[in-house]
Amino acid sequence: MKLELRKIFETAESEDRGLSAREIAAVINSIPAEERMARTEILAAVNGPNGADSPETRDLIAETLNHMESRAVDAREDRARHDREAEVRALAERAGNVLMPGNTMRDDSELFRALMPSMNEYRALIAEGTPGAGGYTVPEKVSA
């Protein structure tokens, strides 16, 4: 939660009161336009049975903002994962789809696995011990 919103909620909580109309407006205006659902939930809480200035409404608004932030974090993580997968697919495509003969990948989401060493290669890499000795990331074919 943004610092100014956190101060608004902490002040209202310490005074054991709800939010004023100005504080509610600040909260609603701080929500990005793409978070229409959060705005709707806050307005529903404000217009609900407890009224705008009750501590229960304040708690509902704070909960809605926390859920909104967790959705934003999840969305950023999903975008980062998709970006990494796209980068790996692009690398695999540039490398000519470095798939081993007989290795049949069933869909594009598994293409990144072609860039990973096999279990035998991994064991050989670990056995080398240090990167200077040709270990860790050198495929079995060229490790000798």
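In table form, for the structure just shown:
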read-out	value
Subset of segment 79-99 (residues that are within 30 Å of residue 42 (Cα to Cα) and open to solvent by less than 80 Å² (accessible area, probe 1.4 Å))	80
Checklist (1) at negative phi; (2) in contact (Cβ under 8 Å) with a residue 24 or more places away in the chain applied to residue 51, failing item	(1)
Total residues in segment 42-78, condition open to solvent by 40 Å² or more (accessible area, probe 1.4 Å) and touching a Leu at 6+ places or on another chain (Cβ under 6 Å)	0
Verdict on residue 16 being assigned to a loop (DSSP other than H, G, I, E, B) and exposed (fewer than 11 other Cβ atoms within 10 Å of the Cβ)	yes
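The values are calculated or read from the model by the stated rules, or taken from the named source; none is laboratory data. Computed from a predicted structure; not experimentally measured. Glycine gets a Cβ as well: all are built from the backbone with ideal geometry, and neighbour counts include every protein chain shown. For the accessible areas, the whole protein counts, side chains as well, though only heavy atoms, and no ligand, DNA or RNA atoms are used. Shrake-Rupley method; radii C 1.70, N 1.55, O 1.52, S 1.80 Å.
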